[in-house]
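Undergrad: Could you have a look at this structure, given as structure tokens, before my questions?
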Amino acid sequence: MALYYRKNINVENDNNNVFWTTMSDLMLGLSIIFITLFVLAMTGFTQESLQKQKLKMEIAKEIGQELKKNNIDVNIDKMTGDLKIPSTALFEVNSFILTPKGKRLLDKLAPIYINTIFSKEKLSNEIESIYIEGHTDSQSFAGLSTRDQQFIRNMDLSLKRANAVAEYILQTDYNKKNSEAFRKMMVVEGRSFNQPILTSDGKEDFEKSRRVEVKLKVKDFGIANIFGIGHKK
């Protein structure tokens, strides 16, 4: 009887050993798969990010050259192609009505910017949004007592300025075959005084903070895209 009992114990121990060996192999296999996926994903993200950055730099260079050729003096980011247009070039103080000078600027600027973007299909296909953002400085409006009131008043002004620019851009003489694609990408936002431009000593540069920015947002690139399992239209 004792021999039979010990035999059963040995059988149970053998079964347990097989179970734990199987689980260890399974966990090891899953770990290898996870590490492989992680390395491939990170490599894919890096390569994709570098490629997109290269494309944006190329388009920024072309836009910059065209703007310089046409004597258009606006700040363009050489890394991203984003534009910063001073409010003084577009509006009177505290106004969201485009001045004649502002309209002339957009008449020249918008076609160059839009046509150059859509001339590069491999870039335009990667663009998710084109943001038109209004920004103000943090100086106070008379008669408003709290910071929240100042913020909302500036938000209203910044949004109306961005919308005025967006509305007028659609009236300019850019290549209208890209009109539908451009409209789908367009996003208009007011940022109030949330993103001030600072001087070298960390103080707000009021004049530079008052601006309208035109910015590109590239599509996200997730792990599904790396392995070719993303949604296809």
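Undergrad: Residue by residue, what Karplus-based ³J(HN,Hα) values in Hz, rounded to whole numbers, does the range 173-182 have, using 6.51, -1.76 and 1.60 with θ = phi - 60° and x for Gly and Pro?
TA: Computed from phi, the couplings for the range 173-182 are 8, 7, 5, 6, 5, 9, 4, 5, 4, 5 Hz.
Undergrad: Any of Lys61/Lys108; Lys108/Lys219; Lys61/Lys217 with alpha carbons more than 26 Å apart? Name them for me.
TA: On the way: Lys61/Lys108 17 Å; Lys108/Lys219 28 Å; Lys61/Lys217 17 Å.
Those over the limit are Lys108/Lys219.
Undergrad: Sketch the reach of a paramagnetic label on Thr88 as a point 7 Å from Cα along Cα-to-Cβ, and name the residues of the range 118-152 whose backbone nitrogen lies under 17 Å away.
TA: 135-139
Here, each number is a calculation from the coordinates, and none is a lab measurement. Being a predicted model, the structure only gives us computed values, none of them experimental. Cβ sites come from the backbone with ideal geometry, for glycine too, and all protein chains shown count toward neighbours.
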